[in-house]
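As structure tokens, the structure follows; a few thoughts come after it.
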Amino acid sequence: MSKIAVAADHAGYEFKDALASYLREKGYDVIDLGTNSPDSVDYPVYAKKLCSSVLSGECEKGILVCGTGIGMSIAANRNKGIRAALCTIPEYARLAREHNNANVLCLGARFVGFDEAVKITDVFLNTEFLGGRHQNRVNQLDT
Ligand code: RB5
């Protein structure tokens, strides 16, 4: 099973912890990059940590959680080579993988129920990039 990095700010850490437990039960090797308490922290710090883990090859994919998922997605997409997708329904996760080859999933803990987040995550981790015409487009993102 692939190695998955997870990280969150204070608004998403409980959600992130529950998701990490779920993924470990499924057999994934999960690297938890924090935060691990309700104390207020800055989401760009955790987005940066997680993106470094993905870009170095330590983890194949990453999952970022904040209150909306918006701050994390903005922060993550500042990193060249990261394609972070804020997904609110499983279909977004499917298309983010098939068309965009997204390597980071962003979730909004205050807006998506946990059961739905599990479905989104399952789809994200089990859907392959389609390549073809999409490869050419993805290649243009980092030029
Ligand atoms: C924290 O209150 C909140 O701003 C943060 O979790 C996130 O939603 C930012 O985009």
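Here is how the numbers come out for the structure above:
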| quantity | calculated |
| --- | --- |
| Exposure rule at most 13 other beta-carbon atoms within 10 Å, DSSP loop GluC sites (Glu not before Pro): the chain longest free segment | 59-127 |
| Most positive-pole-ward Cα, Phe124, Val65, Asn77, against dipole of the chain from beta carbon charges | Asn77 |
| Dimensionless Rg/Rh of region 58-143 - Kirkwood Rh, Rg from C-alpha atoms | 0.96 |
| Rg/Rh for region 35-87, where both radii come from Cα atoms and Rh is the Kirkwood radius | 0.95 |
| Charge tally in the Cβ shell below 9 Å around Thr35, where Lys, Arg are +1 and Asp, Glu are -1, Thr35 excluded | -1 |
| Rough spin-label spacing in nm, given labels placed 7 Å along Cα→Cβ, for Val138 and Glu14 | 3.6 |
| Sites matching chymotrypsin sites (Phe, Trp or Tyr not before Pro) across region 20-123 that sit in DSSP coil, with at most 15 neighbouring C-beta atoms within 10 Å | Phe111 |
| DSSP loop trypsin sites (Lys or Arg not before Pro) with at most 14 other Cβ within 10 Å excluded, longest remaining stretch of the chain | 27-77 |
| Chain lengthening between Arg110 and Glu25 when straightened (0.36 nm per residue, less Cα-Cα) | 28.2 nm |
| Convex hull volume per residue for region 1-122, taking Cα atoms only, in Å³ | 84 |
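Taken together, the values in this text are just the output of simple stated rules run on the coordinates, not laboratory data. Keep in mind the model is a prediction, meaning the values are calculated, not measured. Here Cβ is always computed from backbone atoms with ideal geometry, including for glycine, and neighbour counts include all displayed protein chains.
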